[in-house]
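Worksheet: the structure to be examined is printed underneath.
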Amino acid sequence: MSSVLVVMEQNAGAWHRMSWETLAAGQEMARQLGVEINGAVVGADVSALASELASKRLNRVYAVTHDLLGQYSPDGMTAALEQLIRKTAPDFVLFPHTYQVRDFAPKLATRFGQTLVPDVIGYRLSGQDLVLVRQLFQGKLNADIRFKSDGVRFASIQAGAFRAEAVEAGQAQVETITPDLNPGLIRTKAEEPFREAARAVDLSAAELIVSVGRGIGEKENLPLVQELAEALGAELAASRPICDNGWLPMERQVGSSGQTVAPKLYLAVGISGAIQHLVGMKGAKTIVAINKDPNAPIFEVADYGIVGDLFEVVPALIEEIRKVKG
Amino acid sequence: MKILVAIKQVAARDSQFKVDASGHWVEESDLSFEINEPDAYALEEALQLKERHGGEVVALCAGPARAVSGIREALAKGADRAIHIEVEDLTQFDALGVARLLAKAAETESADLLLTGLQSDDLGYGQTGVILAELLGVPHATIIMAVEKQDGSIRVKRELENGWFQNVTLPLPAVLAVQSGISKLRYATLMGIKKAKSKEIRRLTASDLGVPPSLNIVMERVYTPEKTKRTELLDGDPKQAAAALVEKLKFEARVL
Ligand SMILES: Cc1cc2nc3c(=O)[nH]c(=O)nc-3n(C[C@H](O)[C@H](O)[C@H](O)COP(=O)(O)OP(=O)(O)OC[C@H]3O[C@@H](n4cnc5c(N)ncnc54)[C@H](O)[C@@H]3O)c2cc1C
Ligand SMILES: Nc1ncnc2c1ncn2[C@@H]1O[C@H](COP(=O)(O)O)[C@@H](O)[C@H]1O
């Protein structure tokens, strides 16, 4: 029987939020393809998670369990899922496009002689196959991707592309699978995760944020956006390259590897709007973008936009704000 | 320590793209190219490791003739030599295909460490390094923010989500996919640029390596995404646009 397999991600007994988005995508695809939908959860003890998953519309839940899977390793995860996939022979295997999935899924696909289609934002049916949509050039273009070879098809789903709330409830059987693993298989040794020293700035509580990106050009130009932030009474934040360059401390970085913010106003200055940035600020109530490129992806999420040179627009904006704020 | 660094040449960041006549890729004739950003950081890390521990840094690039300028830049920054796998049309290889090319070339070098960038700015697959490790049968780690060489092994700092990190130790040889921002990039010096001219670039073709073009996945169509959200664009000169925005912030968004 043909099927779609959704591999859910959990860390220390907690679901990764994106797993549900991927499950929603999988349920929808399976329905349209008229095939079974199964889910898998991997870990040392996943019985509680597996029973929770079994309350969704799934034909089967695979609880892939082994002591060696208690801590994530690319070798352990790949070996366990390889065995599951060989045993259950799904047509499509879907993952959330998380950092962990980036770390092992390409390896897994390679075991099957396949190429993972990463970071998928949408799909359409083409007979009994899927054409997947993903972004190129950091969101400036899209591509339709078709699978050419036979065999298992692997894809990962971008954050926010499908809605977690769309997951349908149901009832599934749980099947425990114990893969054949041994300690010698796992070549990497991971230590406990840690955070850097406590953050001095908590952007998540900020009501107004002015965020600056690479469009600012040089560190010497930063006072311009600082002045804008002050005029508004806003916190200053930044995209990753600004923090990478050491122009602002990392604690001001917004995005998938920085902070997630949800202010009333997020004013993005010279930020292109790559997905890793968008995931950190999409929840803002009002988004404003100032960018010289009318095709910058940031305009896909902005409520208001000014297409223009920030070095002309920002000084004018500071002046106008000072007028109304007195 | 012998370190291989995979560098890809990609379209400059602020490029405006036009889909080409085939509809499968972009018009490249009016683009300028640069070293993929995380690859520049991978190269920097390799150079620093060499400075600390000695050894050799070899740049590895698959791409058309134009990619030589990227290779020369890597040599000018301090790579000792380079391998250029000449592929006129990279779209004939998917991520697995490119990784096969790189793996075949890497096999002839038996390096201790292979560095790749985390992700290419054009295709954004974020997987070539991981595939490469699997093909070479060596361990890997991704999203690397620091590298510390130990005896026979390497300890790296991986970035996890939401500001978390994790240290991981791997036996050598290994593949690391390096994240942007790992350190400060150096510039090529005039001296470096001069020296680069006499450094070796070994040229190989896909058929030298015995790797035929291969695509498990094909880009059927490349296109400009349809706008799904109607952003209210505020027109006029900067002053008018700024005044209009302030109106909106005051009366619609109510944040002023
Ligand atoms: C695993 C991973 C994690 C990541 N995590 C994060 C993260 O947490 N946060 C994050 O931000 N990024 C993150 N990134 C990086 C992300 O992919 C982008 O590279 C980054 O967000 C781009 O930053 P930017 O928009 O400032 O720069 P660019 O993409 O270079 O954009 C600069 C923009 O400025 C505009 N511009 C230039 N000059 C002017 C001018 N004079 N006036 C007006 N506009 C101008 C340009 O049109 C362009 O749109 C991550 C990437 C990866 C692979
Ligand atoms: N054609 C290529 N030549 C050299 N290195 C490459 C090539 N394609 C990808 N890479 C390397 O693999 C990394 C990840 O690329 P990608 O999987 O396309 O996102 C890049 O940052 C490069 O280091």
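I want to confirm something. Restricting to region B:205-249 and keeping residues that are in contact (Cβ under 8 Å) with a residue 60 or more places away in the chain and among the β-branched types (V, I, T), which single residue is farthest from the other protein chains (Cβ to nearest Cβ)?
Of region B:205-249, the ones in contact (Cβ under 8 Å) with a residue 60 or more places away in the chain are B:205-206, B:209-211, B:213-224.
Still in the list and also among the β-branched types (V, I, T): B:205, B:211, B:217-218, B:222, B:224.
Values: B:T205: 22, B:V211: 14, B:I217: 5, B:V218: 5, B:V222: 5, B:T224: 6 Å.
Within region B:205-249, the match that is farthest from the other protein chains (Cβ to nearest Cβ) is B:T205.
If B:L170 meets every condition in (1) open to solvent by 10 Å² or more (accessible area, probe 1.4 Å); (2) over 21 Å from the mean Cα position of the chain (by Cα) apart from one, which number is that one?
Unmet for B:L170, out of (1) open to solvent by 10 Å² or more (accessible area, probe 1.4 Å); (2) over 21 Å from the mean Cα position of the chain (by Cα): (1).
Just give me the residues in region A:125-138 being at pLDDT 95 or above and open to solvent by 40 Å² or more (accessible area, probe 1.4 Å), in sequence order.
A:Q135
Test A:N245 against the criterion of being open to solvent by 20 Å² or more (accessible area, probe 1.4 Å) and modelled with pLDDT under 95, and give yes or no. Full working, then the answer.
Values: open to solvent by 20 Å² or more (accessible area, probe 1.4 Å): yes; modelled with pLDDT under 95: yes.
Yes, satisfied.
Within region B:95-105, does at least one residue satisfy the condition of being basic (K, R), part of a helix (DSSP H, G or I) and crowded, with 19+ Cβ neighbours inside 10 Å? Before the answer, list the steps.
Kept after step one, since they are basic (K, R), are these residues of region B:95-105: B:100, B:104.
With the extra rule that they be part of a helix (DSSP H, G or I), the set shrinks to B:100, B:104.
Next cut, crowded, with 19+ Cβ neighbours inside 10 Å only: B:100.
Within region B:95-105, one or more residues are basic (K, R), part of a helix (DSSP H, G or I) and crowded, with 19+ Cβ neighbours inside 10 Å.
Could you grab me the full set of residues in region B:45-61 that are in a strand (DSSP E or B) and open to solvent by less than 10 Å² (accessible area, probe 1.4 Å)? Even if it seems obvious, please write down each step before you answer.
At the first step, the residues of region B:45-61 found to be in a strand (DSSP E or B) are B:56-61.
Hits for region B:45-61 are B:V57, B:V58, B:A59, B:L60, B:C61.
I need every pair where a residue in region A:252-271 that is under 12 Å from A:S239 (Cβ atoms) has its Cβ under 8 Å from the Cβ of a residue that is among the hydroxyl-bearing types (S, T, Y) and assigned to a loop (DSSP other than H, G, I, E, B), sequence separation at least 6 or different chains.
From residues that are under 12 Å from A:S239 (Cβ atoms), the pairs are A:Q253/A:S239; A:V254/A:S239; A:V254/A:T260; A:G255/A:S239; A:I271/A:S239.
Being assigned by TED's automatic domain parsing to the domain that holds A:F95, β-branched (V, I, T) and within 27 Å of B:P139 (Cα to Cα): is that true of A:V41 here? Before you say what the answer is, go through the steps one by one.
Working: assigned by TED's automatic domain parsing to the domain that holds A:F95: yes; β-branched (V, I, T): yes; within 27 Å of B:P139 (Cα to Cα): yes.
Criteria met by A:V41.
With respect to the numbered conditions (1) within 22 Å of A:L130 (Cα to Cα); (2) within 21 Å of the chain's Cα centre (by Cα); (3) open to solvent by less than 50 Å² (accessible area, probe 1.4 Å); (4) not hydroxyl-bearing (S, T, Y), which one is the sole condition not fulfilled by A:E28?
(3)
Starting from region A:95-106, keep only residues that are farther than 17 Å from A:L132 by Cβ and more than 7 Å from chain B (Cβ to nearest Cβ), then list their pairs with residues that are open to solvent by 10 Å² or more (accessible area, probe 1.4 Å) and hydroxyl-bearing (S, T, Y) whose Cβ atoms are within a distance under 8 Å, requiring at least 6 positions of separation or different chains.
A:Q100/A:Y72
Sort through B:V178, B:V156, B:V168 and tell me the only one that's β-branched (V, I, T), away from ligand 2 (no atom under 15 Å from the Cβ) and more than 8 Å from chain A (Cβ to nearest Cβ). So that I can check it myself, show each step before the final result.
On the way: B:V178 fails: away from ligand 2 (no atom under 15 Å from the Cβ); B:V168 fails: more than 8 Å from chain A (Cβ to nearest Cβ).
Selected residue: B:V156, the only one of B:V178, B:V156, B:V168 that is β-branched (V, I, T), away from ligand 2 (no atom under 15 Å from the Cβ) and more than 8 Å from chain A (Cβ to nearest Cβ).
Out of the residues in region B:221-251 meeting the condition of being assigned to a strand (DSSP E or B) and not basic (K, R), tell me which one is farthest from A:G273 (Cα to Cα).
Step one: filter region B:221-251 for residues assigned to a strand (DSSP E or B), giving B:221-223, B:232-233.
After this cut, where a residue has to be not basic (K, R) as well, the list is B:222-223, B:232-233.
On the way: B:V222: 19, B:Y223: 18, B:E232: 17, B:L233: 16 Å.
Checking each candidate, the answer is B:V222.
Could you list, in sequence order, all residues of region A:203-221 that are within 12 Å of chain B (Cβ to nearest Cβ), open to solvent by 30 Å² or more (accessible area, probe 1.4 Å) and farther than 25 Å from B:I144 by Cα?
If the condition is that a residue be within 12 Å of chain B (Cβ to nearest Cβ), open to solvent by 30 Å² or more (accessible area, probe 1.4 Å) and farther than 25 Å from B:I144 by Cα, then A:S204, A:E207, A:G215, A:G217 are the ones that fit.
State which residue pairs qualify: first residue free of Cβ contacts under 8 Å to residues at least 60 places away in the same chain and inside region A:193-221, second residue open to solvent by 90 Å² or more (accessible area, probe 1.4 Å) and within 16 Å of ligand 2 (Cβ to nearest atom) in any location, beta carbons under 8 Å apart, and separation of 6 or more residues or different chains.
Cβ pairs passing all conditions: A:R214/B:R13.
From B:R186, B:R202, grab the single residue that is more than 9 Å from chain A (Cβ to nearest Cβ), out of contact with any Pro (no Cβ under 9 Å at 6 or more places or on another chain) and not in a loop (DSSP other than H, G, I, E, B). Walk me through how you get there before you give the answer.
On the way: B:R186 fails: not in a loop (DSSP other than H, G, I, E, B).
The unique qualifying residue is B:R202.
Could we say that B:T116 is within 16 Å of ligand 1 (Cβ to nearest atom), under 17 Å from B:L4 (Cβ atoms), open to solvent by less than 20 Å² (accessible area, probe 1.4 Å) and at pLDDT 95 or above here? Please lay out each step first, then the result.
Numbers: within 16 Å of ligand 1 (Cβ to nearest atom): yes; under 17 Å from B:L4 (Cβ atoms): yes; open to solvent by less than 20 Å² (accessible area, probe 1.4 Å): yes; at pLDDT 95 or above: yes.
Yes; evaluated as a whole, the condition is true for this residue.
If only one of A:A234, A:A190, A:A205, A:A229 is more than 11 Å from ligand 1 (Cβ to nearest atom) and modelled with pLDDT under 95, which one is it? Spell out how you get there, then give the answer.
Working: A:A234 fails: modelled with pLDDT under 95; A:A190 fails: modelled with pLDDT under 95; A:A229 fails: modelled with pLDDT under 95.
Unique residue meeting the criteria: A:A205.
What are the residues in region B:29-45 that are closer than 12 Å to B:Q9 by Cβ and more than 12 Å from ligand 1 (Cβ to nearest atom), if any?
So in region B:29-45, the residues closer than 12 Å to B:Q9 by Cβ come out as B:31-37, B:39-40.
B:L31, B:S32, B:F33, B:I35, B:D39, B:A40, listed by residue number.
Filter region B:130-155 down to the residues that are in a helix (DSSP H, G or I) and open to solvent by less than 10 Å² (accessible area, probe 1.4 Å) and list them by number. Walk me through it before giving the result.
Of all residues in region B:130-155, those in a helix (DSSP H, G or I) come to B:130-136.
B:V130, B:I131, B:L132, B:A133 - these are the residues of region B:130-155 that are in a helix (DSSP H, G or I) and open to solvent by less than 10 Å² (accessible area, probe 1.4 Å).
Could we say that B:V218 is assigned to a strand (DSSP E or B) and either small (G, A, S) or assigned by TED's automatic domain parsing to the domain that holds B:E134 (or both) here? Can you show your working first?
Numbers: assigned to a strand (DSSP E or B): yes; either small (G, A, S) or assigned by TED's automatic domain parsing to the domain that holds B:E134 (or both): no.
Considered against the rule, which asks whether it is assigned to a strand (DSSP E or B) and either small (G, A, S) or assigned by TED's automatic domain parsing to the domain that holds B:E134 (or both), B:V218 comes out as no.
When you scan region B:19-33, how many residues do you find that are at pLDDT 95 or above, assigned to a loop (DSSP other than H, G, I, E, B) and closer than 25 Å to A:G270 by Cβ?
Adding up the residues that qualify gives 2.
Quick test of your reading of the structure: A:A159 fulfils all but one of (1) out of contact with any Leu (no Cβ under 9 Å at 6 or more places or on another chain); (2) over 30 Å from B:S22 (Cβ atoms). Name the failing condition by number.
(1)
For region B:19-37, indicate whether the set of residues that are within 13 Å of ligand 2 (Cβ to nearest atom) and away from chain A (no Cβ under 14 Å) is non-empty.
Going through region B:19-37, the residues within 13 Å of ligand 2 (Cβ to nearest atom) turn out to be B:33-37.
The next check asks that each one be away from chain A (no Cβ under 14 Å); those that pass are B:35.
So far as region B:19-37 goes, yes, one or more of its residues are within 13 Å of ligand 2 (Cβ to nearest atom) and away from chain A (no Cβ under 14 Å).
Anything in region A:177-195 that is touching a helix residue (DSSP H, G or I) at 6+ places or on another chain (Cβ under 8 Å) and open to solvent by less than 90 Å² (accessible area, probe 1.4 Å)? List them, or say none.
In the first step, residues of region A:177-195 are kept if they are touching a helix residue (DSSP H, G or I) at 6+ places or on another chain (Cβ under 8 Å); the result is A:177, A:179-183, A:185-188, A:195.
A:I177, A:P179, A:L181, A:N182, A:L185, A:I186, A:R187, A:T188 - these are the residues of region A:177-195 that are touching a helix residue (DSSP H, G or I) at 6+ places or on another chain (Cβ under 8 Å) and open to solvent by less than 90 Å² (accessible area, probe 1.4 Å).
The values are calculated or read from the model by the stated rules, or taken from the named source; none is laboratory data. Quantities reported herein were computed from a predicted structural model and do not represent experimental measurements. A quick note on method: Cβ atoms are made from the backbone with ideal geometry, for glycine too, and the neighbour counts reach across all protein chains shown. Note: areas computed on protein heavy atoms with side chains; ligands, DNA, RNA excluded. Shrake-Rupley method; radii C 1.70, N 1.55, O 1.52, S 1.80 Å.
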